[in-house]
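Derivation of every value follows stated rules applied to the coordinates shown; laboratory data play no part. Here the structure is a predicted model, which means the values were calculated and not measured. Positions of Cβ are generated from backbone atoms using ideal geometry, with glycine treated the same way; all protein chains shown enter the neighbour counts.
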């Protein structure tokens, strides 16, 4: 993610705005995927940024959505919001995107070391970008506006505390891993995620 939209590592003040900024960062990553999919020369920088986002930043966003935002939003939603089919479709697309992200992992590692994208990698980059962009449109057009409208100030404060607690737990587990990447420095191609769940991007 860009430095402007990097997922926050400090205090979470407004959870809805924090998620919105994080989604802007993912949108930028999707555009980098599309660019990398058609690039002729090697692009190790963009490949590493994509790899970092899929392995580290995206799981954080999904955890905040699934564990804090969506349970409260579903409880507050009215029949006219029609959330259940929207969320089912999102989960279906996330499962499809997770399979592509896992398949793409070795290729992104090679690209991060200076290899050009293989033909299959190009197709996967394009398909994954399209799936993620659809998810982002739903989140920005439906989920976050509904959260601003339906959730109470107390619920938003609870979400902020839970997001902050997850950040603190990850920082404690990750140690130097998060500190190395917290200033925007890309991870080394051979760096390992802070924990096993970070392999399960989008799942």
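Tell me which residues, restricted to the stretch 25-47, are in a helix (DSSP H, G or I) and within 8 Å of residue 111 (Cβ to Cβ). If you could, list the steps in order and put the result at the bottom.
The initial filter retains those residues of the stretch 25-47 that are in a helix (DSSP H, G or I), namely 25-38, 44-47.
The answer is 36, 44, 47.
Applying the set (1) under 13 Å from residue 51 (Cβ atoms); (2) without any contact (Cβ under 8 Å) to a residue 24 or more places away in the chain to residue 80 leaves exactly one unmet item: (1). A single member of 113, 122, 170 is surrounded by fewer than 16 Cβ atoms within 10 Å (Cβ to Cβ) and either under 30 Å from residue 39 (Cβ atoms) or in contact with a helix residue (DSSP H, G or I) (Cβ under 9 Å, 6 or more places away or on another chain) (or both), and it is 113. Scanning the stretch 129-167 for residues that are surrounded by fewer than 16 Cβ atoms within 10 Å (Cβ to Cβ) and more than 29 Å from residue 32 (Cβ to Cβ) turns up 149, 152, 153, 154, 157, 158, 161, 165.
Kindly indicate whether residue 115 is within 20 Å of the chain's Cα centre (by Cα), closer than 30 Å to residue 44 by Cβ and in contact (Cβ under 8 Å) with a residue 40 or more places away in the chain. Working first, answer last.
Numbers: within 20 Å of the chain's Cα centre (by Cα): no; closer than 30 Å to residue 44 by Cβ: yes; in contact (Cβ under 8 Å) with a residue 40 or more places away in the chain: yes.
Here the answer is no, as residue 115 does not meet what is asked.
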